[in-house]
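Note sheet for the following structure.
Any read-out appearing in this document is the output of simple, stated calculations on the displayed coordinates, not a laboratory observation. The structure displayed is predicted, hence computed values, not measured ones. Cβ coordinates were reconstructed from backbone atoms using ideal geometry, including for glycine residues, and neighbour counts include every protein chain displayed.
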Amino acid sequence: MRLSADDFPEVAVAAMHAVHLEEVDMINAIYEMLEDMEAGDSHDGLAGRLEELLDHTREHFVAEEVLMEQHHFPPYPVHKAAHDAFLHDMEQMVSGWKVDQALAPVAQFMRNDLPTWMVEHISTMDFVTARFVATQPKPT
């Protein structure tokens, strides 16, 4: 299953939407790598791609959190808690791959857990956050 920009709504802050699209491209590249590995290709490079996605996700979440703080977004603690919980799960998946190189947990996370979480999170929390931010004056 490939992800597409059509899988979630475009949020009201263009920079947030652009980051989501960057992650879609990164996720789809990992999907292709997983398919190749399941067909017997080498797993060289998967750890690097997973780390790249994890780093990008961390930066993405920090940028959103800074934006929420700048605009005094009331449900900031709830949104940040969702980020923290997801990052924990993603970190566990990446470290698990590095330790035992079991493909099934990575495939489960990448094909099911991540897209389900991403679509739901963007459609709810990010959508509301971006709408709020877009209606606020620029912070000084």
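Just a few scattered comments:
- Every residue from region 112-134 that is buried (at least 16 other Cβ atoms within 10 Å of the Cβ) and touching a residue at least 40 places away in the same chain (Cβ under 8 Å): 114, 115, 118, 122, 125, 126, 127, 129, 130, 132, 133
- For residue 33, the test of being in contact with a Gly (Cβ under 8 Å, 6 or more places away or on another chain) and not small (Gly, Ala, Ser) is passed.
- Any chance residue 109 is within 19 Å of residue 25 (Cβ to Cβ) and either in contact with a Pro (Cβ under 8 Å, 6 or more places away or on another chain) or in contact (Cβ under 8 Å) with a residue 24 or more places away in the chain (or both): no
- Residue in region 92-100 that is under 18 Å from the mean Cα position of the chain (by Cα), in contact (Cβ under 8 Å) with a residue 12 or more places away in the chain and closer than 18 Å to residue 4 by Cβ present: no
- Flag if residue 32 is acidic (Asp, Glu) and buried (at least 17 other Cβ atoms within 10 Å of the Cβ): no
- Among the candidates 64, 51, residue that is of a type in the set (D, E, K, R), touching a helix residue (DSSP H, G or I) at 6+ places or on another chain (Cβ under 7 Å), surrounded by 16 or more Cβ atoms within 10 Å (Cβ to Cβ) and in contact (Cβ under 8 Å) with a residue 40 or more places away in the chain: 64
- Scan of region 38-48 for residues that are part of a helix (DSSP H, G or I) and either without any contact (Cβ under 8 Å) to a residue 40 or more places away in the chain or buried (at least 18 other Cβ atoms within 10 Å of the Cβ) (or both), ordered by number: 46, 48
- Inter-residue pairs, beta-carbon under 8 Å, first without any contact (Cβ under 8 Å) to a residue 60 or more places away in the chain and in region 1-16, second part of a helix (DSSP H, G or I), 6+ apart: 2/28; 2/31; 4/24; 5/20; 5/21; 5/24; 10/17; 15/63
- Any chance residue 116 is within 16 Å of residue 8 (Cβ to Cβ), in a helix (DSSP H, G or I) and touching a helix residue (DSSP H, G or I) at 6+ places or on another chain (Cβ under 9 Å): no
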